[in-house]
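Novice: Got a structure here, written out as structure tokens. Questions coming.
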Amino acid sequence: MNLRSVLVITVKEIVDNLRDRQTVFYALLFGPILLPLILGGSLAASFKQLSIDFEEVTELAVAGAARAPSLMAFLAGQNVDAVAAPDDPRGAVARGEVPIVLQVDVGYEQALRRARPASLTIHLDEADKASAKAARRVEALLGAWERTNDRLRLQHRGLDPTVFDTLDIVLDDVSSDGASGQLLASLLPFLLIVSMVMGGFYLAIDTTAGERERHSLEPLLGLPLARHEIVLGKFGATLAFVCLSGLLCALSVWGLFRLFPADLLGSRLRFDAPTVAAALLLALPLMPFIASLLITVSAWTRSTKQAQTYLGALMVLPMAPFFVLQFLNLGPSAWLMPWPMLSQYLLLERSILDLPLSAGSVAASVIGTLAASALLLWLGCRLYRHERILA
Amino acid sequence: MIVAESLGKSFPATGGSRRATPVQAVKEVSFEAADGQITGLLGANGAGKSTTLRMLATLLRPDRGQARIDGHDVETDVLGARRQLGYMPHEAGIYPRLSARENVHYYARLSGLPAADARRRTGELIEQLEMGDFADRRATGFSQGQKTKVALARALVHAPRTLMLDEPTNGLDVMATRGLRDILRALAERGHCVLFSSHVMQEVAVLCDRITIIADGRIAISDTLPGLLERTGQGQLEDAFVVALGHRVERPARLGG
């Protein structure tokens, strides 16, 4: 085999496609930057809205604060500073002037003194996420204050407060990162794989089905070149774009997850540089697999339109493991490991969750994926040897 | 030098069932195209010209017969045959996002020329084919004549002994056609074997040293222009073509008298 010819074709296809805006957009912008931003950004935003930072100092509009000095002191100790509420608390919340208003009702002090339930009202707008979040924080703080007071009341009457605790329920979440951690952990393989596929997508179509449609394939096939050199040249160019997309995506994911609050990601979930680098390393065998899959499928189709349709349908492939793993609880069992894409999802997820990876699993994944790539490339070369390629 | 002996090629019928009779594109084609001459493969559309050229260019495998390009068998010594051959298909098929120079240079490199030689050879061809005005422009929006020149330069870049062109004057204006004729004549004078297919009688009559008429997948007759006219007893190539195909030449009745 003449490697120089392969390299000449690879370089030409890269230069040619770098001049194509569509290819460059999908390879360098869409997969590596836009997709992580859209998916990761919206996830980060929703986590930020859902999670409460009890350390954060906030102001709380309180109506009748003077009736509950001890409660105000407790709230101040919990980083919540009471400010005077507007005259019409309900209206003010409805109009969005303040997120919530805590109203200390008339008779609050008297009820407390008589050891009766003292009435407090939280005015909130459940439809407004900021208001609901503020209300949850205040509710949690009031609950804590109430539990302390309950115990004090019982002890005053000479009763052991634990008498009222029938059950002592302990939730032991062994995942340590919960459902959100699992979702985030599978996000990186998802982004990485979709990005790599998108990176090579248009170049593969342009260099195979596109070349035939432009009638430039016929003179090319008439050159003193072996057909497998042509296929390998095109494969090389696609692989370069797939690798570049993967690398850029890993970089942007690493950058993006630095914006996530550390405690949100759980104790085990990591997106630091070594983790992202390890993920990229585990995904490495996927790059030739994706490139050969794109080249062979689009070489098999009869036009760029057909290639886009077939490869578009094939885009489900990188997404399938993501959804399958969300529904089925599949561990890294031996029979799953040789499967390209599925095994990388499982391995990358474990790597991000800082779970141990067995050398056997990694080896099975690498060998299975590389074998599948070789098979696809061989099929691609066969297609190019056939007269049908010109039809 | 091209030698074709009893070439035959059929294709599966398209759109029909698998058992439909295959289409016999080329039934029996034998001819020679000598060095230092321009040989015209003349035939109507669908006569089998392109299929014949594609078999000679090693792109299609003949079902029957054999062919050699400068002694290299197109089936058993594919790469050897390709090295001797410059092939310009019916469609120019140049890369629109590359410049004319890049298009030619790419083929030079793929034909095995080292980078420096490829640059020099590309420069020579750009000068020889008068492509200087558009050599460094991207090929998007090139005229048909410009595209043909780029495709011709690509076919010539590895200095092949034999040049094969499939309907090269299609879509060319008068001046571009005349320019192409001059180039082909100059190549033949330098000892190259030039084979080109066409369905335009005038084109073939003006340019070719030898004319091979193909009809319905068979060679009807092959000779020089004077030889053809003599053998068919006609005064013009068009009439000779009709007679060679086994038809009678109908002359319109003279008006008046």
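Novice: Taking the condition in contact with a Pro (Cβ under 8 Å, 6 or more places away or on another chain) and either in a loop (DSSP other than H, G, I, E, B) or more than 14 Å from chain A (Cβ to nearest Cβ) (or both), does B:Thr140 pass? Talk me through it step by step, then tell me what you get.
Specialist: Working: in contact with a Pro (Cβ under 8 Å, 6 or more places away or on another chain): yes; either in a loop (DSSP other than H, G, I, E, B) or more than 14 Å from chain A (Cβ to nearest Cβ) (or both): yes.
Taking the combined requirement at face value, the residue satisfies it.
Novice: Please specify each residue of the range A:186-207 satisfying the condition of being more than 17 Å from A:Val15 (Cβ to Cβ) and touching a Lys or Arg at 6+ places or on another chain (Cβ under 8 Å).
Specialist: Result: no residue meets the conditions.
Novice: Also, quick follow-up: Does at least one position in the range A:302-309 carry a residue that is farther than 18 Å from A:Ile193 by Cα, free of Cβ contacts under 8 Å to residues at least 24 places away in the same chain and among the polar types (S, T, N, Q)?
Specialist: Yes: one or more hits.
Novice: In the range B:219-230, what residues are within 26 Å of B:Gly8 (Cα to Cα) and either surrounded by fewer than 17 Cβ atoms within 10 Å (Cβ to Cβ) or of a type in the set (Val, Ile, Thr) (or both)?
Specialist: Answer for the range B:219-230, where residues must be within 26 Å of B:Gly8 (Cα to Cα) and either surrounded by fewer than 17 Cβ atoms within 10 Å (Cβ to Cβ) or of a type in the set (Val, Ile, Thr) (or both): B:Ile219, B:Ile221, B:Thr224.
Novice: Considering B:Leu184, B:Leu152, B:Leu113, B:Leu172, which residue is touching a residue at least 24 places away in the same chain (Cβ under 8 Å) and in contact with a Gly (Cβ under 6 Å, 6 or more places away or on another chain)?
Specialist: B:Leu172
Novice: Mind telling me which of the residues A:Leu71, A:Leu37 ends up being assigned by TED's automatic domain parsing to the domain that holds A:Pro224, out of contact with any Pro (no Cβ under 7 Å at 6 or more places or on another chain) and not small (Gly, Ala, Ser)? Write out each step before concluding.
Specialist: On the way: A:Leu71 fails: assigned by TED's automatic domain parsing to the domain that holds A:Pro224.
From the options A:Leu71, A:Leu37, the qualifying one is A:Leu37.
Novice: Which residues, taken from the range A:61-83, are under 20 Å from A:Lys129 (Cβ atoms) and either hydroxyl-bearing (Ser, Thr, Tyr) or modelled with pLDDT of 90 or more (or both)? I'd like the intermediate steps shown before the answer.
Specialist: Restricting attention to the range A:61-83, the residues satisfying the condition of being under 20 Å from A:Lys129 (Cβ atoms) are A:61, A:80.
Across the range A:61-83, the qualifying residue is only A:Ala61.
Novice: Consider A:Leu376 carefully, then state whether it is out of contact with any Cys (no Cβ under 6 Å at 6 or more places or on another chain), in the same structural domain as A:Ile230 (by TED's automatic domain parsing), surrounded by 14 or more Cβ atoms within 10 Å (Cβ to Cβ) and within 30 Å of A:Thr207 (Cα to Cα).
Specialist: yes
Novice: Of everything in the range A:18-34, what is under 21 Å from A:Leu251 (Cβ atoms) and either crowded, with 21+ Cβ neighbours inside 10 Å or within 14 Å of chain B (Cβ to nearest Cβ) (or both)? Give them in sequence order.
Specialist: Answer for the range A:18-34, where residues must be under 21 Å from A:Leu251 (Cβ atoms) and either crowded, with 21+ Cβ neighbours inside 10 Å or within 14 Å of chain B (Cβ to nearest Cβ) (or both): A:Leu18, A:Thr23, A:Val24, A:Tyr26, A:Ala27, A:Gly31, A:Pro32.
Novice: I'd like the residue in the range A:178-237 that is within 20 Å of B:Tyr95 (Cβ to Cβ) and among the hydroxyl-bearing types (Ser, Thr, Tyr) and, out of all such residues, is nearest to the other protein chains (Cβ to nearest Cβ).
Specialist: Step by step, filter the range A:178-237, then rank; the result is A:Ser216.
Novice: Another question about this same structure. Of the residues A:Leu221, A:Leu232, only one is touching a residue at least 60 places away in the same chain (Cβ under 8 Å) and out of contact with any helix residue (DSSP H, G or I) (no Cβ under 6 Å at 6 or more places or on another chain); which? Can you show your working first?
Specialist: Values: A:Leu232 fails: out of contact with any helix residue (DSSP H, G or I) (no Cβ under 6 Å at 6 or more places or on another chain).
It is A:Leu221.
Novice: Tell me which residues, restricted to the range B:43-98, are part of a loop (DSSP other than H, G, I, E, B), of a type in the set (Ser, Thr, Tyr) and under 16 Å from A:Pro219 (Cβ atoms).
Specialist: B:Thr58, B:Tyr95 - these are the residues of the range B:43-98 that are part of a loop (DSSP other than H, G, I, E, B), of a type in the set (Ser, Thr, Tyr) and under 16 Å from A:Pro219 (Cβ atoms).
Novice: If you check A:Leu377, A:Leu383, A:Leu390, A:Leu347, which single one turns out to be in contact with a Leu (Cβ under 7 Å, 6 or more places away or on another chain) and more than 26 Å from A:Val276 (Cα to Cα)?
Specialist: A:Leu390
Novice: In the range B:145-198, how many are assigned to a helix (DSSP H, G or I), farther than 16 Å from B:Gly132 by Cα and not hydrophobic (A, V, I, L, M, F, W, C)?
Specialist: Residues meeting the conditions: 6.
Novice: Go through the residues of the range B:26-42 one by one and say whether even a single one is within 14 Å of chain A (Cβ to nearest Cβ), buried (at least 21 other Cβ atoms within 10 Å of the Cβ) and not in a loop (DSSP other than H, G, I, E, B). Spell out how you get there, then give the answer.
Specialist: Applying the first criterion (within 14 Å of chain A (Cβ to nearest Cβ)) to the range B:26-42 yields B:26.
From the residues that got through so far, the ones that are buried (at least 21 other Cβ atoms within 10 Å of the Cβ) too are B:26.
Then drop every residue that is not not in a loop (DSSP other than H, G, I, E, B), which leaves B:26.
Among the residues of the range B:26-42, at least one is within 14 Å of chain A (Cβ to nearest Cβ), buried (at least 21 other Cβ atoms within 10 Å of the Cβ) and not in a loop (DSSP other than H, G, I, E, B), which makes the answer yes.
Novice: Still on this structure, please answer the following. Could you tell me whether the range B:100-122 includes any residue that is more than 14 Å from every other protein chain (Cβ to nearest Cβ), under 21 Å from the mean Cα position of the chain (by Cα), among the hydrophobic types (A, V, I, L, M, F, W, C) and under 11 Å from B:Val157 (Cα atoms)?
Specialist: Checked the range B:100-122: no residue is more than 14 Å from every other protein chain (Cβ to nearest Cβ), under 21 Å from the mean Cα position of the chain (by Cα), among the hydrophobic types (A, V, I, L, M, F, W, C) and under 11 Å from B:Val157 (Cα atoms).
Novice: Would you confirm whether or not the range B:217-237 contains a residue that is under 17 Å from B:Leu53 (Cβ atoms), at pLDDT 90 or above, in a loop (DSSP other than H, G, I, E, B) and of a type outside the set (Val, Ile, Thr)?
Specialist: For the range B:217-237, residues under 17 Å from B:Leu53 (Cβ atoms), at pLDDT 90 or above, in a loop (DSSP other than H, G, I, E, B) and of a type outside the set (Val, Ile, Thr): present.
Novice: Of all residues in the range B:64-73, which are touching a residue at least 60 places away in the same chain (Cβ under 8 Å), away from chain A (no Cβ under 14 Å) and either in contact with a Pro (Cβ under 8 Å, 6 or more places away or on another chain) or among the charged types (D, E, K, R) (or both)?
Specialist: Selection gives B:Arg68 alone.
Novice: State whether one or more residues within the range A:322-334 are part of a loop (DSSP other than H, G, I, E, B), out of contact with any strand residue (DSSP E or B) (no Cβ under 9 Å at 6 or more places or on another chain) and surrounded by 15 or more Cβ atoms within 10 Å (Cβ to Cβ). Steps first, answer last, please.
Specialist: Initially, the range A:322-334 is screened for residues part of a loop (DSSP other than H, G, I, E, B), giving A:328-333.
So of that shortlist, the ones also out of contact with any strand residue (DSSP E or B) (no Cβ under 9 Å at 6 or more places or on another chain) come out as A:328-333.
When the remaining residues are screened for being surrounded by 15 or more Cβ atoms within 10 Å (Cβ to Cβ), the result is A:332.
Checked the range A:322-334: at least one residue is part of a loop (DSSP other than H, G, I, E, B), out of contact with any strand residue (DSSP E or B) (no Cβ under 9 Å at 6 or more places or on another chain) and surrounded by 15 or more Cβ atoms within 10 Å (Cβ to Cβ).
Novice: Could you list all residues from the range A:215-234 that are touching a Gly at 6+ places or on another chain (Cβ under 6 Å) and in a loop (DSSP other than H, G, I, E, B)?
Specialist: Result: A:His215, A:Ser216.
Novice: Among the residues of the range B:107-134, count how many are crowded, with 20+ Cβ neighbours inside 10 Å and in a helix (DSSP H, G or I).
Specialist: Matching residues across the range B:107-134 total 9.
Novice: What number goes with the only condition from (1) part of a loop (DSSP other than H, G, I, E, B); (2) in contact with a strand residue (DSSP E or B) (Cβ under 9 Å, 6 or more places away or on another chain); (3) surrounded by fewer than 16 Cβ atoms within 10 Å (Cβ to Cβ) that B:Arg19 does not pass?
Specialist: So B:Arg19 meets the others, but not (2).
Novice: For the range A:1-114, please list each of the helices (runs of 4 or more DSSP H) lying entirely inside it that holds at least 3 residues being in contact (Cβ under 8 Å) with a residue 40 or more places away in the chain and within 30 Å of A:Glu211 (Cβ to Cβ).
Specialist: Numbers: elements: A:3-18, A:21-24, A:35-50, A:69-77, A:89-94, A:108-113.
Here the list reads A:3-18.
Novice: State yes or no: is B:Leu56 within 20 Å of B:His199 (Cβ to Cβ), out of contact with any His (no Cβ under 6 Å at 6 or more places or on another chain) and at pLDDT below 95?
Specialist: So B:Leu56 does not fit the description; no.
Novice: Looking at the structure I just gave you, is B:Leu79 surrounded by 19 or more Cβ atoms within 10 Å (Cβ to Cβ) and among the aliphatic types (A, V, I, L, M)?
Specialist: Judged against the criteria, B:Leu79 is not a match.
Novice: Pairs only if they're at least six apart or on different chains, beta carbon under 7 angstrom, first in the range B:74-96 and more than 7 Å from chain A (Cβ to nearest Cβ) and free of Cβ contacts under 8 Å to residues at least 60 places away in the same chain, second crowded, with 22+ Cβ neighbours inside 10 Å and in a strand (DSSP E or B); list them, first residue then second.
Specialist: Correct list of pairs: B:Val74/B:Ala67; B:Ala81/B:Ile69.
The values are calculated or read from the model by the stated rules, or taken from the named source; none is laboratory data. Keep in mind that what you see is a predicted model, and the values were worked out from it rather than measured. Using ideal geometry, Cβ is built from the backbone for each residue, glycine included, and neighbour counts are taken over all protein chains shown.
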